[in-house]
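Notes for the one structure printed next.
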Amino acid sequence: MSLDTEVLQIIIFALIAGVILYRLYLVLGEKRGHEDKERAEKISIWLKGEVIDDKIKAATPPEVIPEKFSSEIATLKSIDPTFLWKNFIKGASQAFEIIISHFAKGTIQDIESLLSKDIYKDFSTECEARKKAGEVLETTLLRVESVTPEYITVSGTMARITLLFVTEQTHILRDKSGNILEGDPKQSEEIHDTWTFQKDLKSSDPNWMLVKINS
C-alpha cells in the first residue's frame, strides 16, 4: 500500500468519525436543550407558587396563618387565589426596611410607588426640611424582632392590613458640621411602628401601598 493510499484512508476515516460525532452532538444537544428548557419552566412555575410535582407538593409544609384573622385571610384568598400570608409578611418586612432607609437618605422619590399620596407628601416635607437645615439622618435597622397583624379589613376588592413592627434600630441626627444633635451611635432602641398597607386585590400591580403610620 502506497503512502498516498494510507493518507487517503486516514482522511476518509477522519471524515466518517467527524460525521458520527456531529450527529451524536445534534441528538444529545437537542435532548440537553429540552431538559434545560423544561427545568427553567419548572423553576419559573415554582417561583409563581404553583405546584407542578406531587413530590414537591408532599414536601411543601402548609402555610401557617394567624388564627385570629383566618376568616379575613380566607376572604383575601377568595378574591386573589395567589395571596399567601407568608409572602405578604416577607414583602411587608422588606418594604419596611426599604422605606425607612430611603426616608433617612432623603430619596423618597425612588419609592413613590410604595407610598400613598399623603404619606409621600409628609415624608417629602420632612426630608426637604432636613435638607434645608443641612441635617443628616442616619438610621440603621439592626433587626426585626416581630411582625404582628393588628387589623385586616376587606371592602370589595380593596384590602387593608395593619401590622405592628417591633424592631431594634439606631437613629443619629447630625448637623451640617457632622455634630450629633440627637441619638447615640452606641445605643440602640426598641421601636414600635404600626403600619397599614393597602392593595386592590384585582390589580396586576403586586405591590402593597403604605397608607398609614402610627408610631
Exercise for review: Take K176 and decide whether it is free of Cβ contacts under 8 Å to residues at least 60 places away in the same chain and over 21 Å from I73 (Cβ atoms).
Suggested key: yes
Check your understanding: Looking at I89, is it exposed (fewer than 15 other Cβ atoms within 10 Å of the Cβ), outside any strand (DSSP E or B) and among the β-branched types (V, I, T)?
Key -> no
Study note, to complete from the structure: Residue hits (region 115-126; without any contact (Cβ under 8 Å) to a residue 60 or more places away in the chain and either surrounded by fewer than 12 Cβ atoms within 10 Å (Cβ to Cβ) or of a type in the set (D, E, K, R) (or both)) are K117, K121, D122, T125, E126
Check your understanding: Hey, does region 99-110 have a residue that's under 14 Å from the mean Cα position of the chain (by Cα) and within 19 Å of E150 (Cβ to Cβ)?
Key -> yes
Exercise for review: Give region 127-155 a look and list any residue that's surrounded by fewer than 14 Cβ atoms within 10 Å (Cβ to Cβ) and either more than 30 Å from F83 (Cα to Cα) or touching a Phe, Trp or Tyr at 6+ places or on another chain (Cβ under 6 Å) (or both), or say none.
Suggested key: E128, A129, K131, K132, A133, G134
Revision key, fill the gap. Filtering region 113-139 down to residues that are among the hydrophobic types (A, V, I, L, M, F, W, C) and more than 24 Å from the chain's Cα centre (by Cα) yields C127, A129, A133, V136, L137
Revision key, fill the gap. Every listed condition ((1) under 30 Å from F88 (Cβ atoms); (2) hydrophobic (A, V, I, L, M, F, W, C); (3) crowded, with 16+ Cβ neighbours inside 10 Å) holds for V166 save (3)
Check your understanding: Among the residues of region 80-89, is there at least one that is closer than 25 Å to D200 by Cα and at pLDDT below 80?
Key -> no
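The values are calculated or read from the model by the stated rules, or taken from the named source; none is laboratory data. Small disclaimer: the values here were computed from a predicted structure and weren't measured. Cβ atoms come from the backbone with ideal geometry, glycine included; neighbour counts cover every protein chain shown.
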